Amino acid sequence: MTHYVNSCRAKLLALLGIIAVTMFTAGEAAAAAPRVDEGELLELGFKVLVAKSEVQEKWVRNLPPGQIRPMQRTGKKYFIYPDAPRKQIYVGGPNEYEAYLQRHPESRVDAAEAAKKTSAYRGKQDDAMRKATARDLSDPFLGVTWADLGW
């Protein structure tokens, strides 16, 4: 009899798990950002860069889809939008991005929220680094013993 009860509980828990995953997935799909029109980006002056190597393709695939993100290289600020299925990115400068924001003022709010999240994340990283530095300074051998070195 206990085997039957455990079996029913297992089935019930599995069913509840499936329902929870389904609801979570549906919620994520509803909260997804609206897709950016690539044709509009081209109109605004964004340039297309196609990934030509495996490393570039992997980098494009790992970018968060559906959003324009800032990037800085060699002291210049760029804004990129990935198109992973076509293995390419759209790249624009501050002028092109500002033109995009004028057409889509709702994106300006999203950019402010993203900056706030990034700032909070960096603050957490700074705290973690301070703690790690204090730990490392208190133990000059970083936890390594002579036995670890083979002596």
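Bear in mind that the values in this text are calculations on the coordinates, not laboratory data. The shown structure was predicted, so the numbers you read here are calculated from the model rather than taken from an experiment. Cβ atoms come from the backbone with ideal geometry, glycine included; neighbour counts cover every protein chain shown.
Summary of computed values
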| read-out | value |
| --- | --- |
| Cα-Cα P(r), segment 38-138, percent of pairs per 5 Å interval | 2, 12, 16, 19, 17, 12, 9, 6, 4, 2, 1, 0 |
| Candidate lysines for bridging to Lys52, where Cα separation is under 29 Å - those fewer than 8 sequence places away on the same chain excluded | Lys76, Lys77, Lys87 |
| Segments 88-96, 118-126, 65-73 sorted - mean Cβ within 10 Å per residue, highest first | 88-96, 65-73, 118-126 |
| For segment 57-112 versus segment 34-53, the gap between their alpha-carbon centres in whole angstrom | 9 |
| Cross-link reach list, lysines versus Lys124, counting only Cα pairs under 18 Å and skipping chain neighbours closer than eight places | Lys116 |
